[in-house]
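> One structure, pasted below without further comment.
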Amino acid sequence: MKFKMIAVAATSIALAMGAVSGISAQEDVIAERQQTMKDMGAALKAGKPGDIAPLAAKLKMLFPEGSTSADSEATPLIWEEWDQFVALFDKLEAASNAGASPRDLGGTCKECHDTYREKKS
Ligand code: HEC
């Protein structure tokens with residue numbers, strides 16, 4: 001009897017931990033992409049547009065399906081139009097590798113933000 005209760009308690013703790021780690025994994029990915037976006041902004045400001053390419057490539061991995069939250073400005077439209085969304089990162093990466101100016105790259109940043117980012121105050 002006592003053993004059974006311990007087993008039940010252990011199971012519910014395991015389930016609770018599983019749920020918590022699921023949430024924190026999603027928060028981690030959101031925090032990481034926000035930081036990577038900031039790094040791209042810093043690269044532009046520093047006049048190093050060539051540094052954008054690997055960051056844009058990395059960002060493609062940082063938007064797992066449905067990963068948005070109260071702290072995220074990512075809109076659900078991203079996953080409805082995934083191919084168009086990712087194409088903008090590809091465009092950014094290619095332009096960075098081709099030596100495009102910070103101004104040209106900035107146009108792609110804006111193009112994506114206008115459609116797939118919802119600014120929260
Ligand atoms: C393919 C789409 C896309 C492109 C291209 C893109 N961004 Fe973003 N950006 C987003 C999305 C979506 C968010 C919101 C992320 C979130 O809050 O989860 C964002 C957020 C940001 C943020 C805010 C990060 C924070 O701290 O919350 C900055 C800064 C930023 N982007 C800079 C840039 C710069 C600079 C470029 C171009 C060099 C760029 N982005 C290109 C989609 C894009």
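> Can you report the number of residues in region 96-111 which are crowded, with 19+ Cβ neighbours inside 10 Å and without any contact (Cβ under 8 Å) to a residue 24 or more places away in the chain?
So the answer is 1.
> If you go through region 61-120, how many residues are assigned to a helix (DSSP H, G or I), within 10 Å of the ligand (Cβ to nearest atom) and among the aromatic types (Phe, Trp, Tyr)?
3
> Is it true that residue 93 is within 15 Å of residue 38 (Cα to Cα) and in contact (Cβ under 8 Å) with a residue 40 or more places away in the chain?
Criteria not met by residue 93.
> Which one is farthest from the ligand (Cβ to nearest atom) among residues in region 27-57 that are closer than 20 Å to residue 69 by Cβ and of a type outside the set (A, V, I, L, M, F, W, C)?
Applying the first criterion (closer than 20 Å to residue 69 by Cβ) to region 27-57 yields 27-38.
Retained after the next criterion (residues that are of a type outside the set (A, V, I, L, M, F, W, C)): 27-28, 32-36, 38.
Numbers: 27: 10, 28: 12, 32: 10, 33: 6, 34: 4, 35: 7, 36: 9, 38: 5 Å.
Looking at residues that are closer than 20 Å to residue 69 by Cβ and of a type outside the set (A, V, I, L, M, F, W, C), I get 28.
> For region 112-121, enumerate the residues that are of a type in the set (Lys, Arg) and either modelled with pLDDT of 95 or more or surrounded by 13 or more Cβ atoms within 10 Å (Cβ to Cβ) (or both).
117 - this is the single residue of region 112-121 that is of a type in the set (Lys, Arg) and either modelled with pLDDT of 95 or more or surrounded by 13 or more Cβ atoms within 10 Å (Cβ to Cβ) (or both).
> Continuing with the same structure: Give the residue that is surrounded by the most Cβ atoms within 10 Å (Cβ to Cβ), with candidates limited to residues of region 56-92 that are under 16 Å from residue 108 (Cβ atoms), among the hydrophobic types (A, V, I, L, M, F, W, C) and over 11 Å from the mean Cα position of the chain (by Cα).
So, considering only residues that are under 16 Å from residue 108 (Cβ atoms), among the hydrophobic types (A, V, I, L, M, F, W, C) and over 11 Å from the mean Cα position of the chain (by Cα), the one surrounded by the most Cβ atoms within 10 Å (Cβ to Cβ) is 92.
The values are calculated or read from the model by the stated rules, or taken from the named source; none is laboratory data. Just so it is clear, the structure is predicted and the values come from calculations on it, not from any experiment. Backbone-built Cβ (ideal geometry, glycine too); neighbour counts: all protein chains shown.
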